[in-house]
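**Q** I'd like to ask you about the structure that follows.
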Ligand code: UDX
């Protein structure tokens, strides 16, 4: 089967390489010539563990091109994996999806199945079907919705061993073709109509976002009442009806999906005169959660002016260089505006961060250099390098060892008695009674 993948972002490249791995001949097309050139030279445009090896291993069946006419001409199945970025009003921008489908329709020689993997509002597949098939009486296009559920950092495993393959189809033929495509995978199929498949994607992502916002609110309450959110989550998670995943409290969710998809579904509901109160709440809670550490820091310093702030972790989660909607993008502007000297370290994300902040902040080569002379440290991403560090480095290198951990990287036992103040999310504060003179901190540094 001749398969073309449109869009070489996370979803496109990973889908392409996994389909090549099970024996298909796959052409990946992207409008971005530089990106394609890199892929032809086997330079991965994204950081994803295992991807490069898999691309090299499947070289015979996998090609990358930037000429859409050539990419689509003989295609039997085209996967649309382009972005659907958020518009100002929260709705999804479908321009790239429509443009891509239009080009497929123009270029393909005969009947073709167009598979929408991009996250699109409910009804998009039906609209495309109507518009395309009305105009064409020589070629027939099957339109399928086939959402993806991969997470960055574990994308290949998530695809090869997906929890389910959702097929939104409106013909037996389309179902048969997609089952053939996925024959090498042995996962459960959920076959439904296109609108339901489109909804499954949003409902799944938004439920996970809701779960995170819920545990974050519980954590914030734990801060006040002296309970430990990790024990609470553990106790909740043993109930199979709740499940133990996505109950990790922190400074909120980021990334390319949850923030965008919660807003898109909320917009869609409003557009249809419905209200999604839970999703609205998840969005609001997350916005506040992202600046939780700033609020905690105000306990120690009225202002950040003249202070040195160490930031450990910039990306929205470990295992990726992706900064989209990362809490660092909310926190660092506040610190800079307030007059702080900001030093940062991230094992993978600094090159991307430099594109946004080329000179205003100091990029450090290691954790120790970042901590040197710092008056406070914010931990924003739970990179293994951070989680496994020797915590005695905080009081050793910092001028005023106050550590605000937005990802609960250390157990409370590990930081107990180590001579620094340690605040995390939904757990008690450690080190209040150390030698740190809060009065000095406030008076000397605030001005
Ligand atoms: C997510 C979905 O998991 C995936 O199914 C979908 O296809 C795309 O969006 P991804 O954005 O790669 O994947 O990352 P994920 O691991 O889900 O984490 C998203 C955000 O939630 C991160 O910022 C992470 O730190 C946060 N998170 C996750 C929590 O704060 N607590 C948790 O318990 C889990």
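The values are calculated or read from the model by the stated rules, or taken from the named source; none is laboratory data. Worth saying up front: this structure is predicted, and the values here are computed from it rather than measured. Neighbour counts run over all protein chains shown; Cβ positions are idealised from the backbone, glycine included.
**Q** Select from region 160-181 the residues that are more than 16 Å from the ligand (Cβ to nearest atom), free of Cβ contacts under 8 Å to residues at least 40 places away in the same chain and crowded, with 16+ Cβ neighbours inside 10 Å and list them in ascending order.
**A** Within region 160-181, 167, 169, 175 meet the criteria.
**Q** Another question, if that's okay. Read through the list (1) in a helix (DSSP H, G or I); (2) surrounded by 18 or more Cβ atoms within 10 Å (Cβ to Cβ); (3) at pLDDT below 95, then give the number of the only condition that residue 152 fails.
**A** (1)
**Q** Same structure, new question: Of everything in region 369-413, what is closer than 18 Å to residue 318 by Cβ and part of a helix (DSSP H, G or I)? Give them in sequence order.
**A** 370, 384, 385, 386, 387
**Q** Considering each residue of region 369-393, count those that are farther than 25 Å from residue 337 by Cα and touching a residue at least 12 places away in the same chain (Cβ under 8 Å), and give that number.
**A** Number satisfying all stated conditions: 10.
**Q** While we're here: Given the structure, is residue 157 in the same structural domain as residue 116 (by the TED database), over 24 Å from residue 121 (Cα atoms), within 14 Å of the ligand (Cβ to nearest atom) and surrounded by fewer than 21 Cβ atoms within 10 Å (Cβ to Cβ)?
**A** yes
**Q** Test residue 203 against the stated conditions and say whether it is touching a helix residue (DSSP H, G or I) at 6+ places or on another chain (Cβ under 9 Å), surrounded by fewer than 17 Cβ atoms within 10 Å (Cβ to Cβ) and on the phi < 0 side of the Ramachandran plot.
**A** yes
**Q** Of all residues in region 229-258, which are closer than 19 Å to residue 409 by Cβ, away from the ligand (no atom under 11 Å from the Cβ) and surrounded by fewer than 16 Cβ atoms within 10 Å (Cβ to Cβ)?
**A** The answer is 231, 234.
**Q** Also: Read through the list (1) more than 18 Å from residue 116 (Cβ to Cβ); (2) surrounded by 13 or more Cβ atoms within 10 Å (Cβ to Cβ); (3) at pLDDT below 95, then give the number of the only condition that residue 88 fails.
**A** (2)
**Q** Continuing with this model, one more query. Based on this model, can you work out whether residue 162 counts as assigned by the TED database to the domain that holds residue 22 and under 26 Å from residue 133 (Cα atoms)?
**A** Spelling it out, it is not the case that residue 162 is assigned by the TED database to the domain that holds residue 22 and under 26 Å from residue 133 (Cα atoms).
**Q** Can you confirm whether region 312-328 contains a residue that is touching a strand residue (DSSP E or B) at 6+ places or on another chain (Cβ under 7 Å), surrounded by fewer than 19 Cβ atoms within 10 Å (Cβ to Cβ) and in contact (Cβ under 8 Å) with a residue 24 or more places away in the chain?
**A** Within region 312-328, not a single residue is touching a strand residue (DSSP E or B) at 6+ places or on another chain (Cβ under 7 Å), surrounded by fewer than 19 Cβ atoms within 10 Å (Cβ to Cβ) and in contact (Cβ under 8 Å) with a residue 24 or more places away in the chain.
**Q** Here is a follow-up. Give the residues of region 160-193 that are part of a helix (DSSP H, G or I) and at pLDDT 95 or above, sorted by residue number.
**A** 172, 173, 174, 175, 176, 177, 178, 179, 180, 181
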